[in-house]
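Input: a single structure, listed below in structure tokens.
The values are calculated or read from the model by the stated rules, or taken from the named source; none is laboratory data. Model, not experiment: these values are computed from the prediction. We place every Cβ from the backbone using ideal geometry, glycine too, and count neighbours over all the protein chains shown.
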Amino acid sequence: MRSSDGSLIEVHLTVNGDAVRRAVPPERTLAELLREDLLLTGCKQGCDQGDCGACTVLVDGRAQLACLTLVVAIDGATIETVEGLQQRGRLHPLQAAFVAHGAAQCGFCTPGMLLSAVALLRASPRASRDEIRAGLAGNLCRCTGYVKIIDAVEAVARGDDEEPAP
Amino acid sequence: MAELQPAGPVGRPVPRVDGVAKVTGAAHYVDDLDLPGAWHGATVRSTVAHGVLDAVDLDPDYDWTDVVVVTAADIAAAGGRNVVTLIEEDQPALVPLGGRVMHVDEAIALVAAPTRARALEARRHVRPRISARPAVLDTDAALRAEVKLYGDDNVFKRFVIRKGHGDDAAFEDAMAGADRIIEGVYPTAAQEQMYIEPQGMAAHWEDGRCFLVGSMQCPYYVHKAMKALLGCDGDGVVVTQAVTGGGFGGKEEYPSMIAAHVALLARKAGRPVKLIYDRGEDIAATTKRHPCVTRHRLGLAADGAIVAIDADVVMDGGAYLTLSPVVLSRGVLHAAGPYRCPVVRIVGRVVATNHPPHGAFRGFGAPQTTFPYERQIDKAARLLGVDPLAYRQRLALRPGDTTATGQELTFSVGSEAVLEAIARAAGPRPARDAVSAGGAPVRRGRGVCFYFHGSGFTGAGEQRIAGRATVALTAAGDVEVRSSSTDIGQGAATIFAQIAGASLGLAPERVRVVDPSTDKVPDSGPTVASRTCMVVGGLVERAARALGTRIAAWAGEHGRGGAPFAEVAAAAAAALGEVAETVQYEPPPGIEWDDATYTGAAYPVFGWAACLVDVAIDLDTCEVTVERCVQAVDVGKAINPMIVKGQIEGGTLQALGWGLLENVLYQDGKVANASMTNCIVPTFADAPDLETVLVEVPYPYGPHGAKGVGEIPMDGPAAAAINAVVDALGVDFDVVPVLPETIAARRDAWDAARRKS
């Protein structure tokens, strides 16, 4: 893959704890890098225009849309994707809560939804239902009516299931 | 009558069998599949709504190295027929040279190249030449038939339902006996399914056989269409469902089109090809809910009883027949509503236009006809000065009553139960007037709605489908459920594991539900029509029981009579190898339907539901907030209460979206808002904490009493929400959707009504 003038730019990233070095064209998006180069296909593309939120990943701890993020603009960043949420083979409390509460139906929005929820609970560990609603409002789901997603995140925020991960 | 099984895993909120895969990123949707050497496809589409394809020019200055181009000529050259087989064969896979272009975004040619970017670039250098003709862009123009698109009258299908009268004159006599007649015209808009995973399919060829994998609801629909297109027999094509990111009807028929395209590309390219739609293309080119206009007359006796119902339903089918006749059928069969009425006349027509074909979407015609009758009943209650919920309770069909087609309701009639559930849940009305956080005046209103939805295929449809399912003990000692019912997020795999597990005394995690592939599973019929749990779940239950009986017999012969299945399964498998039991659908007794007169048992059973919505309207911005939405649904039996509630909640929000904020706009036959930015669907911020009441009035012939639930939550909440808007503002809104601008346009009228009240 080449950019319009053929130049490639080298970037260094940390992806789910692993150092990644890649030479990319300037127009390469983070979603393309994750999905096509690193085969981290948990980053979903539902619209490629920043509307649906399915491609949400964490960039230096902040929820960010991978489809609108140019790789060259985040040189040195730390990326977390859904594939990195499990610790030592155990589900992250939010992952476990999504399963337990039926928050995933077709599942296509789920990875992005989880990463938005991780970012929300790191900033606001005891988020209320209204705060959860506001915090996840950039992620669309067409299956659930959102109720069970809010239930799952709230259960973690309230410590009903397990303590949130640090 | 089915013998009820011991509780076991049925009726419990078992976590989804695919839950962990979906929260870890391990679930692979079609675009996630790593297909070594695969190229990427793109579709060249029409930019005009109606015309004749004169030529397909390839830019002579473009470098066509490493690009494959497919046109209609490639289909016949390989012995296939240029059709996407469904009910009829009127829709081509690609418009042939000299053929008619019937809608904007119709597929004309295909390209494939090593990368997606290259394929999209090459597409821009394929230039169709089309002689434009006058287009038909609304149903009135279609019915004038000055431009003929289908037959002589542009009518794809017409149905007439008559109850309690012989002909139109007799009907008018009955209507003339009414004390008063309420008349209304109710247009409802198209709706985009907006599954979050766009449509897509991949294909490769091996030894002359075509292997397709993709996002779909109905593998055997695709299989059937490919046999005609590729000119092969059933073994020549294998169709496998990938993990599918939502469907809602949108992945019922259209995947056959994408399969056709990617199969042709892969054959010509001689390598795997992926064809994944981007969001704009998906919204613009694939099917949507049929726009519809219903003219409704409701004749009332002085005491408020219904004397006669007259409904005239016209749907816009779009450019090809596709599934329109069956969508219209379900629409007209629900158009009289779940109310007692001795005289009913329903006339339905679905007509051809130059819009992209409209198709399956959850509810399948019923939401379009539910909205009119539920506005009419609300108007009647207002006119009579009676409580809208109490009025519905008074008129509701009950056991022993007959529907518009003369179907006598004898079992599993949850009408009174769902209305009672809503009455109990209602609580006090919130204060009528308030002030918003921003200081704007707010007016509140409450609306209700009552409706029913037939489970399974219409009439003798299930007998025609003759769906089959298999439950097997494999040679390795595993229990497998094999059916073509796809899990598209609704939880089919989980409830099948629960049902089979209950029959065999196994925990659901001990049952493997095989991913649907036409070379591994029998044809259970399509994953549509609220039939998966009730009909195919019933087959799974019977097949599992048959397997259990066979293994018990073997155990008896080998000195282990009476031992549980789990204890003898491994030994039986070791001795017998695979043991598979396949069963086929058998209709419940006494169900008769006459397709010629449209009378009799339209459905084996109905689901019943009622809904209450409270809205608050900002009188400055005209923004409607749904403050509360309670839906009570009679599901027969909740096999998995968590999953069924999740389905109801999702359907409810789709319905509220259709009623209050979604809007597909057409301009010159093209979708003008083909992006998630402006073709909006509800977000977290638009959704209240939806309340769901499960009502269980068992269906004697369903698995554990279960009946259909997939579609019913979509039918009513739009009407309840708009009834609430009307209640708040005191003026009628007879259209779907009611957007803030719809309300703002009638500010003078409701301002005057408000000052009077």
I need a count of the residues in the range B:225-247 that are assigned to a loop (DSSP other than H, G, I, E, B) and either closer than 18 Å to residue B:493 by Cβ or basic (Lys, Arg) (or both).
5
Given (1) in a strand (DSSP E or B); (2) assigned by TED's automatic domain parsing to the domain that holds residue A:150, where does residue A:21 come up short, assuming only one miss?
(2)
Among the numbered criteria (1) on the phi < 0 side of the Ramachandran plot; (2) more than 14 Å from chain A (Cβ to nearest Cβ), which one does residue B:12 miss?
(2)
Unmet requirement for residue B:26, which otherwise passes all of (1) away from every other protein chain (no Cβ under 14 Å); (2) of a type in the set (A, V, I, L, M, F, W, C); (3) farther than 30 Å from residue B:534 by Cβ
(1)
Set B:544, B:580, B:552, B:566: member being buried (at least 23 other Cβ atoms within 10 Å of the Cβ) and closer than 16 Å to residue B:500 by Cα
B:544
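A quick yes/no check of all residues on (1) within 14 Å of another protein chain (Cβ to nearest Cβ); (2) part of a helix (DSSP H, G or I); (3) on the phi > 0 side of the Ramachandran plot:
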| position | (1), (2), (3) |
| --- | --- |
| B:182 | no, no, no |
| B:185 | no, no, no |
| B:193 | yes, no, no |
| B:196 | yes, no, no |
| B:213 | no, no, no |
| B:223 | no, yes, no |
| B:249 | yes, no, yes |
| B:257 | no, yes, no |
| B:274 | yes, no, no |
Just to be sure I understand, how many residues within the range B:676-695 are farther than 18 Å from residue B:631 by Cα, of a type outside the set (Ser, Thr, Tyr) and at the interface with chain A (Cβ under 8 Å from one of its Cβ atoms)?
4
Residues of the range A:137-159 being at the interface with chain B (Cβ under 7 Å from one of its Cβ atoms) and in a helix (DSSP H, G or I), in sequence order, are A:147, A:148
Report yes if some residue within the range B:713-727 is surrounded by fewer than 24 Cβ atoms within 10 Å (Cβ to Cβ), under 23 Å from the mean Cα position of the chain (by Cα), modelled with pLDDT of 95 or more and more than 27 Å from residue B:604 (Cα to Cα); otherwise report no.
no
Per-region count, the range B:379-400, residues surrounded by 16 or more Cβ atoms within 10 Å (Cβ to Cβ) and under 20 Å from residue B:633 (Cβ atoms)
7
Can you tell me which of (1) among the polar types (S, T, N, Q); (2) closer than 27 Å to residue B:682 by Cα; (3) facing another protein chain (nearest Cβ under 8 Å) is the one residue A:56 doesn't meet?
(3)
So is residue B:744 more than 30 Å from residue B:589 (Cα to Cα), among the small types (Gly, Ala, Ser), assigned by TED's automatic domain parsing to the domain that holds residue B:376 and modelled with pLDDT under 95 or not?
no
Of everything in the range B:59-81, what is of a type in the set (A, V, I, L, M, F, W, C) and crowded, with 16+ Cβ neighbours inside 10 Å? Give them in sequence order.
B:67, B:68, B:69, B:70, B:72, B:75
Filtering the range B:577-631 down to residues that are within 30 Å of residue B:544 (Cα to Cα), part of a strand (DSSP E or B) and of a type in the set (Gly, Ala, Ser) yields B:580, B:607
Are any residues in the range B:491-507 more than 14 Å from every other protein chain (Cβ to nearest Cβ) and either over 14 Å from residue B:566 (Cβ atoms) or touching a Lys or Arg at 6+ places or on another chain (Cβ under 7 Å) (or both), and if so, which ones?
B:496, B:497, B:499, B:501, B:503
Could you list all residues from the range A:48-58 that are more than 11 Å from the chain's Cα centre (by Cα) and either among the hydrophobic types (A, V, I, L, M, F, W, C) or farther than 12 Å from residue A:32 by Cβ (or both)?
A:49, A:50, A:51, A:52
Can you go through B:42, B:76, B:107 and tell me which one is in contact with a helix residue (DSSP H, G or I) (Cβ under 8 Å, 6 or more places away or on another chain), more than 14 Å from chain A (Cβ to nearest Cβ), of a type in the set (A, V, I, L, M, F, W, C) and more than 30 Å from residue A:57 (Cβ to Cβ)?
B:107
Residue pairs meeting the criteria (Cβ under 6 Å; at least 6 apart or on separate chains; first farther than 15 Å from residue B:14 by Cα, in the range B:484-508; second part of a loop (DSSP other than H, G, I, E, B) and among the charged types (D, E, K, R))
B:484/B:523
Of the residues in the range A:91-114, those that are among the hydrophobic types (A, V, I, L, M, F, W, C), more than 7 Å from every other protein chain (Cβ to nearest Cβ), in contact (Cβ under 8 Å) with a residue 60 or more places away in the chain and buried (at least 24 other Cβ atoms within 10 Å of the Cβ) come to A:94, A:97, A:113
Residues that are in contact with a Gly (Cβ under 6 Å, 6 or more places away or on another chain) and more than 12 Å from residue B:579 (Cα to Cα), drawn from the range B:458-484
B:462, B:465, B:467
Being crowded, with 20+ Cβ neighbours inside 10 Å, out of contact with any helix residue (DSSP H, G or I) (no Cβ under 7 Å at 6 or more places or on another chain) and under 29 Å from residue B:247 (Cβ atoms) is the requirement here; does residue A:42 meet it?
no
Suppose we filter the range A:59-90 for residues that are under 13 Å from the mean Cα position of the chain (by Cα), farther than 20 Å from residue B:29 by Cβ and surrounded by 24 or more Cβ atoms within 10 Å (Cβ to Cβ); how many remain?
1
Return yes or no: is residue B:486 closer than 21 Å to residue B:17 by Cα and surrounded by 22 or more Cβ atoms within 10 Å (Cβ to Cβ)?
yes
Check B:307, B:314, B:347, B:293 and return the single one that is in contact (Cβ under 8 Å) with a residue 60 or more places away in the chain, under 20 Å from residue B:658 (Cα atoms), of a type in the set (A, V, I, L, M, F, W, C) and surrounded by fewer than 22 Cβ atoms within 10 Å (Cβ to Cβ).
B:293
Filter result for the condition that a residue is within 11 Å of chain B (Cβ to nearest Cβ), surrounded by fewer than 20 Cβ atoms within 10 Å (Cβ to Cβ) and free of Cβ contacts under 8 Å to residues at least 40 places away in the same chain, over A:123, A:134
A:134
